[in-house]
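Structure, as structure tokens:
We did not get these values from a lab; they are worked out from the coordinates using the rules stated. These numbers were taken from a predicted model, which means no experiment stands behind them. For neighbour counting, all protein chains shown are included, and Cβ atoms are generated from backbone atoms with ideal geometry for every residue, glycine included.
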Amino acid sequence: MNKLEQAIRKTAGDGCLYSHAVEKPSFIEEIDKMKVSHLMTKEELEKQKIIYPDFKNTVLVNSFRELRTSLTALSSKNVVMVTSISERAGVSFFARNLAVATAFDMAKTAMLVDCNGRKSGVNEVFELGLRLGISDFISNKDVKTAEIIHESGLKRLRILPFGQSGSDGDESFSHPRFHSLMAQIKYQYSDRHIFIDAPPILKSADARILMEVCDQVLLVVPYGRDTNQDIQAAARVIGSQKFSGVVFNEFLI
């Protein structure tokens, strides 16, 4: 058992969070109508380090599936913030693939929200170019929610990028329009699970502000790099009510 699997098992606990509810066929059919103009090829997915159901690394895919199942078991806690202690911990990789793994499920939809500024590479990974995003919505009242939510190239997955206005670290996430936006996307669809790609929790004021709009926080720790003291400090900042666990990242991201 690798370290990612061990961490996932610890996070998942004894399995009491798992849901076995069966969705109505009509509901699944409605989800299946989500527009997808272009589907990414397997070659494109592998290039961008995105998993898919028959990805050759089955251990990795199944690990993300298990973690996804634990995190999405309670529909009322559908906003998950993925963060770290320090930079370059693999947060974007984990947030991206948790959203993708959630979209595997025909009864669920997922959204990846880029709150890591231009460091996440979301625009490049999903080829969004200079499309509007969160910062544009905040700075311009004429920008509508529908204009900042974009196709991903994958079924049942939508992307909400950071946007082109403002700059990293300007505390956009404390703006009332951002809080209104997050409330809207959280409650609009009962099947939707939202994953926030967030900056380091101990080094960013933005990360602490983002905790106000999330239900769960997952901490990504590069194996062997951050100390137990650092992890405990991060856990205290997050608090027991929202802290869903630690994933030790042993992959080169």
The stretch 37-249: radius of gyration and largest Cα-Cα distance (Dmax), Å
16.1, 47
Specify whether the C-alpha gyration tensor of the stretch 198-253 places it in the rounded, prolate or oblate class, a ≥ b ≥ c being the square roots of the eigenvalues: rounded for a/c under 1.5, otherwise prolate if a/b is larger than b/c and oblate if not.
prolate
In the stretch 158-240, the trypsin sites (Lys or Arg not before Pro) that sit in a DSSP loop and have at most 15 other Cβ atoms within 10 Å of their own Cβ are Lys203, Arg225
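Classify the stretch 71-150 as rounded, prolate or oblate from the Cα gyration tensor: take a ≥ b ≥ c as the square roots of its eigenvalues, call it rounded if a/c is under 1.5, otherwise prolate when a/b beats b/c and oblate if not.
Numbers: a/c = 1.71, a/b = 1.23, b/c = 1.39.
It is oblate, given that a/c is not under 1.5 and a/b is not larger than b/c.
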What nm distance separates the two modelled labels at Lys47 and Tyr189, each placed 7 Å from Cα along Cα→Cβ?
2.7 nm
Take the alpha carbon atoms of the stretch 211-252, find their center, do the same for the stretch 48-98, and report the distance between the two centers in whole angstrom.
14 Å
